[in-house]
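Heads up, the thing below is written out as structure tokens.
Taken together, the values in this text are just the output of simple stated rules run on the coordinates, not laboratory data. Just so you know, these numbers come straight off a predicted model, no measurement behind them. Methodologically, a virtual Cβ is constructed for each residue, glycine included, from the backbone with ideal geometry; neighbour enumeration extends over all protein chains shown.
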Amino acid sequence: MKALLALLALVLATAVTAPAHAQGWPLERYTVEDRNSGYFYLGRQTRLLQDDDFQNPGMFAVDQGAALWRRVDGTQGRSCQTCHQNAADVMKGVATRYPAYDAKSGGIINLELLINRERVEKMGAAPFAYESPELLALTAYVSHQSRGMAKNIDISGPAAPFFEQGKEFWNTRRGQIDISCAMCHDDRAGMLLRGDVISQGQTNGHPMYRLIWQSISSTHRMFEWCNTSMRAEPYPLGSPEYLALELYVAWRGRGLPVETPSVRK
Amino acid sequence: MHAVFFSLVVGLAAGVAAAQAQAPATAPTPLQAHLTGPIPPLVKYEIVGNTTIPQPLTERPGDPVRGRRVVTDASNSTCLICHEVPTLEEFPNQGKIAPSLEGLGSRYTAAELRLRLVNPKLLVPDTMMPAYYRTEALTRVQRQYVGRTIYSAQDIEDAIAFLMTIR
């Protein structure tokens, strides 16, 4: 009896003290062939912050997104849920395929712009500003439904010229500092840039919670930040240039699992 | 004899007075002053033997003390982002993506360093190192930096003076 009680106490103690690893994936999962998620380059503390849904600050955006999914807005009296029902079912896997070529606009569309278009066309609602907390929250919520699924970006057919455009952007030296994305994120990933480890610049965890900004943040905001760090004129968030770059970068991370919401430095 | 001595003293005194009068004008320029306000004209320089710029870009000699501040300025492309400088051990987290600058002053002449700072791409076309004194052949420079160099001409000279002390 005593032994049984001790065992019970041990089990309870373990259950209480073990971190609630919602993800808790083995590290190997963050690498596919030569492609490493940004998670791979994080310090232990930041990894733990991402791993635990009750500590991950990006989960606030996901929760806010869930509320927005159900909120009626616009002239049609609809919410996202009115048409799409349960996001956990119908949005599963969607984020693995975006950005993608969009026949309707004849260009590349990403989740942010797709959500906004649905709001305008199906709900009769105003689009959200690109980096608004609302659009980031909905994007994070939709992306979160694919967590653990591999990024699978289609660059064939009509997407091909945009892919080439994005690839050229990636490889072009820019700004007064005159450095391309590739010079750091292809050629020097894993090396130390002052106190920071250079990552491969993968986007599979986006929208991410970025610690230095203390907010959920889009891929395009990160592009803008990288450009201005090189003292290069940025493009507008949601611009065709950044969409093409986003397509190339997402393809570059093919096979990596969606981590949204990731936590990054 | 007295006259000569007298004129020497007067001359010295005049020299000291002139130096004192000039003092405010020759106070070190604040860091990054060239990155705002009117765009300073680009100083012309001559490359000799493909590897050197023997002539300093400024009349004022390089100041190693200010040069130390220039090269460690964290908000203006400090060398330490990429390079280690063993004599700057009080700066933590030095970069390790480019060669260490250990013994730099023994390995290069000031004329060689000047070309490497002004435009290292003339020596190594695909180097990642920025050209610290160049405004042309760049892509999509951010509006506020168009026509401006990363370092001012004086920054280049002061930086060289400091870098030559790394031995």
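When the Cα gyration tensor is reduced to axis lengths a ≥ b ≥ c, the ratio a/c is 1.5 or higher for chain A, and with a/b not above b/c it is classed as oblate.
Considering only B:Leu117, B:Ala98, A:Leu42, and ranking their Cα positions along the charge dipole of the protein assembly as shown that arises from unit charges at the beta-carbon of Lys, Arg, Asp and Glu, the one farthest toward the positive end is A:Leu42.
Rounded to whole numbers, the Karplus 3J(HN,Hα) couplings from phi for region A:92-102 are 4, x, 4, 5, 5, 9, 10, x, 8, 5, 10 Hz, using 6.51 cos²θ - 1.76 cosθ + 1.60 with θ = phi - 60°, and x at Gly and Pro. Other residues within the sphere of radius under 13 Å centred on the Cβ of A:Leu256, judged by their own Cβ, net out at +2 (K and R +1, D and E -1). Placing a label point 7 Å from the Cα of A:Cys83 along the Cα-to-Cβ direction, the residues of region A:36-69 with a backbone N closer than 16 Å are A:69. Using only Cα atoms, tell me the angle between helix B:153-163 and the longest principal axis of chain B; keep it within 0 to 90° and round to the nearest 10. Tilt of helix B:153-163: around 80 degrees.
Rounded to whole Å, the principal axis extents of the Cα atoms in chain B read 66, 37, 36, largest first.
Placing unit charges on the Cβ atoms of the charged side chains and taking the dipole of chain A about its Cα centre, the candidate lying farthest along the positive direction among A:Asn227, A:Gly74, A:Pro161 is A:Gly74.
Find, among the GluC sites (Glu not before Pro) in region B:44-151, those assigned to loop by DSSP (not H, G, I, E, B) with at most 10 other beta-carbon atoms within 10 angstrom. The qualifying sites are B:Glu46, B:Glu59, B:Glu89, B:Glu90, B:Glu136.
A simple spin-label model places the labels of A:Trp225 and B:Val124 2.9 nm from each other, with each point 7 Å out along Cα-to-Cβ. Taking the DSSP beta bridges with both ends in region A:126-265, the antiparallel portion is around 70 percent. Residues whose amide H falls under 5 Å from that of A:Ile179, counting only those 5 or more places apart or on a different chain, are A:Arg174, with hydrogens built in the peptide plane. Subtracting the Cα-Cα distance of B:Asp73 and B:Ile39 from their residue separation scaled by 0.36 nm leaves 10.2 nm. Taken about its Cα centre, region A:43-146 carries a charge dipole of about 220 debye when Lys and Arg each add +1 at the Cβ and Asp and Glu each add -1 at the Cβ. Spacing of the modelled spin labels on B:Phe91 and A:Arg70, each 7 Å from Cα toward Cβ, amounts to 5.4 nm.
Summing Cβ point charges (Lys, Arg +1; Asp, Glu -1) relative to the Cα centre of chain B gives a dipole of roughly 320 debye.
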